[in-house]
Each structure stands twice: as structure tokens, then as C-alpha cells.
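To keep things clear, I will list the structure first and then write my remarks on it.
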Amino acid sequence: MSRIDKENYYLDIAETVLERSTCLRRCYGAIIVQNDEIISTGYNGAPRGRKNCADLGRCTREELKIPSGERYELCRSVHAEANCIISASRSETLGATLYMTCRDPKTGELIPGSSSCSMCRRLIINAGIRRVVIRDTRTQYRVVNVEKEWIEEDDSLPSIGE
């Protein structure tokens, strides 16, 4: 029997966490790992005490045909990464790795190329998370070096000449 590599091991756990997601559009699961220990978990869903889209049977962003990555203020959900960070202390997240997986709730298929939104990127940066590992297929994933790819390459700044 071959042993699963550590990255896919943690991604499998993040994928189990996403099964708690209540979003009708995208199901995300995330875990934060520090020193080979799971610090916290998170999935996307409405804030505690509020009705989830799955409970309501509707998604405002879907109904308005809003493209992915736009108009998050209309979304009822707290994102998986945000929920994960909320459940951990900053001293635990400094230098940690966040593992994330995304599935289409309609088909159950993994969504390759998924990434954190700009707001979650800011939270990840401020939490001091060093790496983000994102699953694309059952065994393939991407590793984001937060310092190089999300801090030094600041996509929130307009390009020169704009």
C-alpha cells in the first residue's frame, strides 16, 4: 500500500470539511496547519444564527447572474478561509499553511483553478499565514507563497499608467 503525501492528506481533510458548506454556488473547505497539527477548520456558510442559502433554497448572486469574484457584499456566506482564521489565534497562524479545496455543489466535482478572493487574501496576509495549498484534482494542487505572490505582487494596486 502506498502512503499518501502530506499535502494531499491535509487537502483530503479540507475536502471533508467542505461537506459542511451550505453555499449553493461553491463549496469550500479550509484548514490551517502549524507544525503538522491542525489548528482550525472552516467552510463557507451564513454567519451563526442566520439562515443559509441551502436552508432558503436560493442564492441571490446566482439569481442575479453575478460572475464569480464579483459583488461579494450580496453573498450571505462567510468564506471558508475567513471562518478558519476566525477560529484560530494569530500566534497559531504565524508561519502556518492553509489548505483549501472547492467543489461544485451541483455536480460534486472539484473546481480546478480556485483561489481566495481579495478580501480573504488580506485576512490570510494579516494572519501571518505563509503558504496556501489549493487542490485542483484528486492529487494535483498549487502552492501559493503568500509573501511572494500576494504581498510582493500586490494585485490590489492599479498598474502604472491607469
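The values are calculated or read from the model by the stated rules, or taken from the named source; none is laboratory data. Worth saying up front: this structure is predicted, and the values here are computed from it rather than measured. Note that each Cβ is placed from the backbone with ideal geometry, even for glycine, and that neighbours are counted across all protein chains shown. Side chains are part of the model used for accessible areas, which takes the heavy atoms of the whole protein and leaves out ligands, DNA and RNA. Shrake-Rupley method; radii C 1.70, N 1.55, O 1.52, S 1.80 Å.
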Net +/- balance of residues flanking Arg76 in space, Cβ distance below 11 Å, scoring K and R +1, D and E -1: +3
First compute the accessible area of the chain with a 1.4 Å probe, then give the percent of it belonging to carbon and sulfur atoms. 49
Region 43-154 - Rg (one decimal) and Dmax (whole number), Cα, Å: 14.8, 41
Å² per residue, accessible surface of region 11-162 at 1.4 Å: 57
